[in-house]
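Working notes, structure below.
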Number of protein chains: 2
Amino acid sequence: MAELSEAAGVPVPTIKYYMREGLVPPGRPTGRNQADYDQGHVRKIKLVRALADYGGLSIAAIRGLMHELDNPATELHRLLGAAQRTVTEHTEPRPGPHVEEAQRRIADLAARRGWHWEPDHPSFRTAVGVLSLLAEIGRQDMIDVLDGYAEAAERIAQADLAALGDLSDRERVVEVVVIGTALGDTLIAALRRMVQAHLSHELLGGHVEPPAR
Amino acid sequence: MAELSEAAGVPVPTIKYYMREGLVPPGRPTGRNQADYDQGHVRKIKLVRALADYGGLSIAAIRGLMHELDNPATELHRLLGAAQRTVTEHTEPRPGPHVEEAQRRIADLAARRGWHWEPDHPSFRTAVGVLSLLAEIGRQDMIDVLDGYAEAAERIAQADLAALGDLSDRERVVEVVVIGTALGDTLIAALRRMVQAHLSHELLGGHVEPPAR
DNA sequence: GGATAGTGGTAAGTAGCACTATCCACTCCC
DNA sequence: GGGAGTGGATAGTGCTACTTACCACTATCC
């Protein structure tokens, strides 16, 4: 187990904790107090850390995902839903005078772009929540980003789809969906900030060098 | 204060807590145990809840942002950096055999797209972390999403910039930057999932209707 | 063959966070 | 003039993600 800990870069007690919580399967016992672990274990532990550190997921959420990985859901379509539900913790929009308008706005957007959607989809509710909140604090002007974001979201989802690749390799697809859903958000946010910093540097400039020549 | 609590939809003890923690300024005292609150207070409390519920920020991070709001930084360029740093909690990539390659990949990407960047920018480090992690667990195939994501990130940052609008209204710009940085990620993630659900429905279909005609 | 270090398993303890409850002297308003 | 409410402070709560400590046992090195 010391080796396992070394290989995965995670302290022994934490590994024990993960096993207790069912995030990582137990080793194959070779005696009353000895067990073997293989590369699969190392990988799983690293994955757990990745989802926790970069995905910002709770242990409970990760447990859900890991179980999803272990019994590949029968229907791919349902798997995506499960991954989405597990990864996103949901906040219902607080009722307020602007909720309806926000709902209408997102519905319009979806209609315009030809998205099929359902009014009780958690992400729809989240988007509505953010929008109605912006309206409530009088920042309607920020709602105009919506179309730009929507366009970007389409581009992202397209990339996600491409990453799935060959759909017949079930196990692989399941893993890509689960990891991609959780870590994708983080990666996108990081790239967004890089571009923002770049634009900010270019337009507002830190110490603007005098142009060469 | 009961009115304030009512208007903001937040329990009284929580408001007291926020004031104690400096997230919300105290009211204008009108007696030894009485104070006046105005619309600004209601707005600020709502904003705090928004950042906590939808932005997923910690109280400490929100305090940082609120202070940013209160003394508009002199330089816009620095403000963005401050907002970014406050919103994103940073995880240094664990050293591993793939970190260097990941670094090279992101650097290449940035060079290809003409992004100016610095090697110690937190978002750069985060992106590197995610990539090297994917490599470590043998999911290099997922790294191919990078270009698609980068394109989307450019689109997003462009929308963000457009939302800033007139740069001369300092106070407004500061607010848009702070709110946009925090809530933008959530909004983007929500839209991403909506598109994913749509595509998934379309391609893998739940109950696929027989084509009309 | 005997000390020492390490193992799997479990139970109890801890640190940090975001509140929540309780108390207090006071004061508003009916 | 009396009960409800106020600002302010201190202490307590529930949750999460680990850590510590302990156990009986075993592998291994000398």
Enumeration of residues in region A:4-29 that are within 8 Å of DNA strand C (Cβ to nearest atom), at pLDDT below 95 and farther than 19 Å from A:Asn71 by Cα:
A:Pro29
What tally of residues in region B:112-140 results from selecting those that are among the acidic types (Asp, Glu) and more than 7 Å from chain A (Cβ to nearest Cβ)?
2
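Listed residues A:Ala82, A:Ala61; which is in a helix (DSSP H, G or I), away from DNA strand C (no atom under 16 Å from the Cβ), closer than 29 Å to B:Leu57 by Cβ and modelled with pLDDT under 90? Even if it seems obvious, please write down each step before you answer.
Working: A:Ala61 fails: modelled with pLDDT under 90.
Among A:Ala82, A:Ala61, only A:Ala82 is in a helix (DSSP H, G or I), away from DNA strand C (no atom under 16 Å from the Cβ), closer than 29 Å to B:Leu57 by Cβ and modelled with pLDDT under 90.
So which of A:Ala153, A:Ala182, A:Ala135 ends up being in a helix (DSSP H, G or I), modelled with pLDDT of 95 or more and under 16 Å from the mean Cα position of the chain (by Cα)? Full working, then the answer.
Numbers: A:Ala182 fails: modelled with pLDDT of 95 or more; A:Ala135 fails: under 16 Å from the mean Cα position of the chain (by Cα).
None of the other options fit; the residue is A:Ala153.
Only one of B:Thr74, B:Thr30, B:Thr88 is among the polar types (S, T, N, Q), farther than 24 Å from B:Val174 by Cβ and out of contact with any Leu (no Cβ under 8 Å at 6 or more places or on another chain); which? If you could, list the steps in order and put the result at the bottom.
On the way: B:Thr74 fails: farther than 24 Å from B:Val174 by Cβ; B:Thr88 fails: farther than 24 Å from B:Val174 by Cβ.
Exactly one of B:Thr74, B:Thr30, B:Thr88 is among the polar types (S, T, N, Q), farther than 24 Å from B:Val174 by Cβ and out of contact with any Leu (no Cβ under 8 Å at 6 or more places or on another chain), namely B:Thr30.
So, in region A:25-58, exactly how many residues are within 12 Å of DNA strand D (Cβ to nearest atom) and either away from chain B (no Cβ under 13 Å) or in a strand (DSSP E or B) (or both)? If you could, list the steps in order and put the result at the bottom.
Residues of region A:25-58 that are within 12 Å of DNA strand D (Cβ to nearest atom), as a first pass: A:29-36, A:45, A:48-53, A:55-58.
Add one more test, that the residue is either away from chain B (no Cβ under 13 Å) or in a strand (DSSP E or B) (or both), and what stays is A:29-36.
So the count comes out to 8.
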Residue pairs meeting the criteria (Cβ under 9 Å; at least 6 apart or on separate chains; first within 14 Å of chain B (Cβ to nearest Cβ), in region A:1-21; second near DNA strand D (Cβ under 9 Å from one of its atoms) and outside any helix (DSSP H, G or I)):
A:Ser5/A:Pro11
When you check A:His67 against the structure, is it within 14 Å of the chain's Cα centre (by Cα) and farther than 29 Å from B:Arg125 by Cβ, yes or no?
no
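Here is a list: A:Glu151, A:Glu89. Which entry is within 8 Å of chain B (Cβ to nearest Cβ) and charged (D, E, K, R)?
Numbers: A:Glu89 fails: within 8 Å of chain B (Cβ to nearest Cβ).
Of A:Glu151, A:Glu89, the one residue that is within 8 Å of chain B (Cβ to nearest Cβ) and charged (D, E, K, R) is A:Glu151.
Okay, residues lined up against (1) surrounded by fewer than 18 Cβ atoms within 10 Å (Cβ to Cβ); (2) basic (Lys, Arg):
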{"site": "B:Lys44", "(1), (2)": "no, yes"}
{"site": "B:Arg49", "(1), (2)": "no, yes"}
{"site": "B:Tyr54", "(1), (2)": "no, no"}
{"site": "B:Leu57", "(1), (2)": "no, no"}
{"site": "B:Ala61", "(1), (2)": "no, no"}
{"site": "B:Leu79", "(1), (2)": "no, no"}
{"site": "B:Val99", "(1), (2)": "no, no"}
{"site": "B:Ile106", "(1), (2)": "no, no"}
{"site": "B:Ala111", "(1), (2)": "yes, no"}
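The values are calculated or read from the model by the stated rules, or taken from the named source; none is laboratory data. Everything numeric here is computed off the predicted structure, so don't read it as measured data. As a convention, Cβ positions derive from the backbone with ideal geometry for all residues, glycine included, and neighbour counts pool all protein chains shown.
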